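Working notes, structure below.
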Amino acid sequence: MADIIHLLPDHVANQIAAGEVVQRPASVVKELLENAIDAEASTVKLIVKDGGKTLIQVVDNGTGMSPTDARLSFERHATSKIRNAEDLFSLHTKGFRGEALASIAAIAHVEMQTRPASSIVGSLIKIEGSSLISQEVTAGVQGTSIAVKHLFFNIPARRNFLKSNQVELRHITDEFHRIALAHPSVSLHFYSNGSEIAHLPASNFRKRIVHLFGGKTNDKLVPVHEDTQVVKIEGFICRPEYSKKSRGEQFFFVNNRFIRSPYLYHAVLNAYEGLIRADHFPGYFLHLEVPPASIDINIHPSKTEIKFDDEQTLYAILRSTIKHSLGQFSVSPVIDFDQDPLLNTPYAFRNRDASQPQVAVDAGFNPFKSGAADAYTASVSKKRQQHALEHMYLGLQSLGGDRDLSAAGNVEPETMASSIFEGQAEPEENMVTTFQLGRKFILTTIKSGILVLHQARAHQRVLYEKFLRIITVRETISQQLLFPLKLSFSKTEMNILEELKDNLTSLGFIFGKREDEWLSITGLPALIPEVEAGIVLDRLISEYQQEVPGASFSQSDLLAKTLAKTLAIKTGDLLETTSQMALLNDLFACKETELSPFNKPIYITIPEGDIAKKFN
C-alpha cells in the first residue's frame, strides 16, 4: 500500500495557522500592539487605512531587533519569551507562541524596519505570502515599524467575509482601547485614513479611562482596592445610577492582559444585586494580579480566555471587594447636617417672614367632652363616604355611561363584582373583547378558539415596520424642542453617531452644534419622548458597536430594530382595553404578523377543540 501521509508545505501550514490567529484586521492590530508592548516601548503609533484592509502599521520606540532576530521572527514557533515548558507557568509577556508574525506574513504583504539601540544601522525586510522578497541594511530610528498591507490578498474567500470599513474600524478601536487600558503608562497614538482618532499621553489608570470614554466618565468611577494572598484587585467600578441597558464599559485585566470571563462577571453582577435594575448592566475597569503559576492562558489562540486554579475563592473575594467599595465610597445620597440652610433658600425669599399656615382649627374642641369624639368620628366617616361616592362617579363617567348611583351607597366588593358580571351578561352582537393576562399576554377570541398575543413582541413588530418605512420612504416627522437637548458622548461614540447621521436625520433627529464631548439635539422623531432620547441613542451606539452576527444587515435595519426594542411596551406594562384593541389592529395591519423583528413568535392560537378536551 502506498504511503498517503505527508508533511504540509510551510506556506500551507502557515495559512492554516493564520486562520486561528488572524480572523480580521483587529486580530493583526492586537498581535502587533502586544509585540510593541513586549518590546518595552514607551510610545506606540497605530496607523490604519480602509478599516485595516489596505494598511495596518505599528511604529514603536522599543528595543528593536538585530538582522538575525528580524529574519527569524517570521518563522513558525520562533519566540524570545519562553525556552522550555516550565516557562509557560511563569509568563509576564503578551505573546509567547511565536506564531503571530508567521501567520500574518502568510496572508499579507509585510514590511518590517527595525534597529536596536546597540547598532547604528537597522534592517528592512519584505515578505509576501511567507516568501522572503528582500532583506537589506537601512538607516532608521531605534525601535520597530511593521506595515501589513493587503490583508488576505491570497485568500479572497476570507477577504469577502470581512465587514464594511466602518465595522472593521470599530473592532480595531476596541482592541486599541483594551491595550490602552492595560498599559496606561505607555503613550499611544491612533490614526485612521490620515485622521487622528486618539492621542493618549502616558498617565495613570483613571486619567486613561477619562481620555478614552470622555470627561463625564470621571463622575461615574468608584475606586476598588484589595490585596490578598490569592489576588490583588485594583481599578474602578461605575456607580449604580450610571448602569446601562447594554454591556459597554466592562473590562477585566489579569496580569495586564484583557480577558473575558462570564464567571467573574457574575461575581460583579452579584455585588450590584439590589442596586441596579434587572435589565441593566454595571460598568467596571478592573485589574487583577495573580501568581502566573495559578492561571493557564494557553487554552485559546486569542489568549482572551484563561483558566484559574481556584475560581471559587477568586469569585468570593471579587464580590466582597466590590460590595465594600460600593458601601465605602457613599454611592447612595446622604444628608449633610453641616450645610448652611441659607444655601437651600432662594435669595428672593431669604428676607421674607414666615407666613402662618392656612389651616382651620376649632379652638373650642374638647375631645374629652361628652359626645365630641362620636361627633368627630361621624364627621370623618361621612366625608370618607362622600369621597368614595365622588370617586366612583368619576370612574363611571370615564366609561361614558350615565348610570344611577342610588344603589352605590356602600362600596362593597360584592356589589362591584356583581356589576362587572352584569355588564358582561349582555354583550353587543359581534363585539370583540380582549383580556390582559399577567401583564404580558393579550387574550382574545377568534372563530376557531382563543388567540394569545405576546404584547411586547407585537409592539416591536409594529414599531419596526413603522420606523423602517420612515427611513426608506423618508417620511420625516420631527418635533422641534423648545430648549435644545445637550447629551454627552465620548469621541468614539461621536464617530458612530456621525456614521449614522443620515439615517437618524431621515427618522426625524435634528442635530445642532457639536462641541468636544457634547452634542446638541434640537428635534426628535415624533415617536420618541424627550426623556428617552439619551437612552435610545446609548442603546443604538451599543448595538452598533457590538454588531451581533445575524442581527442586522444594514444601518436602516439596525436603527429600526434598536428603536423598536427600546420604545416598545414591556412585560409588566398595564394596558387598557382600548390600547389592547389598538395593538391587535396595528399588528394585523403589518406585512409580517407571526414573527417579531428578532424572529420570535408573536402569538399562538388555542383551538376550541383542545379546550373541550380538557373537560373530558
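In region 452-487, how many residues are part of a strand (DSSP E or B) and open to solvent by less than 20 Å² (accessible area, probe 1.4 Å)?
Matching residues across region 452-487 total 1.
Which of the residues belonging to region 122-154 are part of a loop (DSSP other than H, G, I, E, B) and closer than 19 Å to L46 by Cα? First the steps, then the outcome.
Within region 122-154, the first condition is being part of a loop (DSSP other than H, G, I, E, B), and the residues that meet it are 129-130, 139-142, 150-154.
Matches in region 122-154: G140, V141, Q142, H150, L151.
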Neighbours by Cβ (under 7 Å, 6+ apart or cross-chain): first from region 600-615, on the phi < 0 side of the Ramachandran plot; second open to solvent by 100 Å² or more (accessible area, probe 1.4 Å) and not aliphatic (A, V, I, L, M): P601/E594; I602/E594
Single unsatisfied condition, A157 versus (1) assigned to a helix (DSSP H, G or I); (2) buried (at least 16 other Cβ atoms within 10 Å of the Cβ): (2)
Residue match in region 220-234 (condition: in contact (Cβ under 8 Å) with a residue 24 or more places away in the chain, under 30 Å from T54 (Cβ atoms), among the β-branched types (V, I, T) and open to solvent by 20 Å² or more (accessible area, probe 1.4 Å)): no
Residue in region 174-197 that is touching a His at 6+ places or on another chain (Cβ under 6 Å) and surrounded by fewer than 20 Cβ atoms within 10 Å (Cβ to Cβ) present: yes
Unique residue being among the hydrophobic types (A, V, I, L, M, F, W, C) and touching a residue at least 12 places away in the same chain (Cβ under 8 Å) when the list is V254, V210: V254
Complete set of residues in region 16-52 that are closer than 16 Å to S103 by Cα and in a loop (DSSP other than H, G, I, E, B): V22, Q23, R24
Residue ID - surrounded by the most Cβ atoms within 10 Å (Cβ to Cβ), chosen from residues in region 488-527 that are within 20 Å of the chain's Cα centre (by Cα) and part of a loop (DSSP other than H, G, I, E, B): F489
Positions within region 412-471 being touching a helix residue (DSSP H, G or I) at 6+ places or on another chain (Cβ under 6 Å), modelled with pLDDT of 90 or more and farther than 18 Å from T578 by Cβ, in sequence order: Q460, L463, Y464
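Consider I276 carefully, then state whether it is β-branched (V, I, T), closer than 30 Å to L567 by Cα and modelled with pLDDT of 80 or more.
yes
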Residue check, I209 open to solvent by less than 30 Å² (accessible area, probe 1.4 Å) and either touching a Pro at 6+ places or on another chain (Cβ under 8 Å) or outside any helix (DSSP H, G or I) (or both): no
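Matching residues to (1) in contact with a helix residue (DSSP H, G or I) (Cβ under 8 Å, 6 or more places away or on another chain); (2) open to solvent by less than 60 Å² (accessible area, probe 1.4 Å); (3) outside any strand (DSSP E or B):
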{"site": "L559", "(1), (2), (3)": "yes, yes, yes"}
{"site": "A564", "(1), (2), (3)": "yes, yes, yes"}
{"site": "L575", "(1), (2), (3)": "yes, yes, yes"}
{"site": "S579", "(1), (2), (3)": "no, yes, yes"}
{"site": "A582", "(1), (2), (3)": "no, yes, yes"}
{"site": "F598", "(1), (2), (3)": "yes, no, yes"}
Close pairs from region 301-318: first closer than 13 Å to N255 by Cα and modelled with pLDDT of 85 or more, partner open to solvent by less than 30 Å² (accessible area, probe 1.4 Å) and part of a helix (DSSP H, G or I), Cβ under 6 Å, at least 6 apart: F308/L314
Residue within region 293-309 that is small (G, A, S) and under 15 Å from P240 (Cα atoms) present: no
Residue in region 436-444 that is part of a loop (DSSP other than H, G, I, E, B), in contact with a Leu (Cβ under 7 Å, 6 or more places away or on another chain) and loosely packed, with under 15 Cβ neighbours inside 10 Å present: yes
Wholly enclosed strands (runs of 3 or more DSSP E) of region 239-307 bearing at least 1 residues open to solvent by 10 Å² or more (accessible area, probe 1.4 Å) and under 17 Å from R539 (Cα atoms): 250-254
Check on A202, more than 16 Å from the chain's Cα centre (by Cα), part of a loop (DSSP other than H, G, I, E, B) and either in contact (Cβ under 8 Å) with a residue 60 or more places away in the chain or crowded, with 18+ Cβ neighbours inside 10 Å (or both): yes
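The values are calculated or read from the model by the stated rules, or taken from the named source; none is laboratory data. Small disclaimer: the values here were computed from a predicted structure and weren't measured. FYI the Cβ positions are ideal-geometry reconstructions off the backbone, even for glycines, and counts take in every protein chain you see. When the accessible area is computed, the model is the full protein with side chains, heavy atoms only, and any ligands, DNA or RNA have been set aside. Shrake-Rupley method; radii C 1.70, N 1.55, O 1.52, S 1.80 Å.
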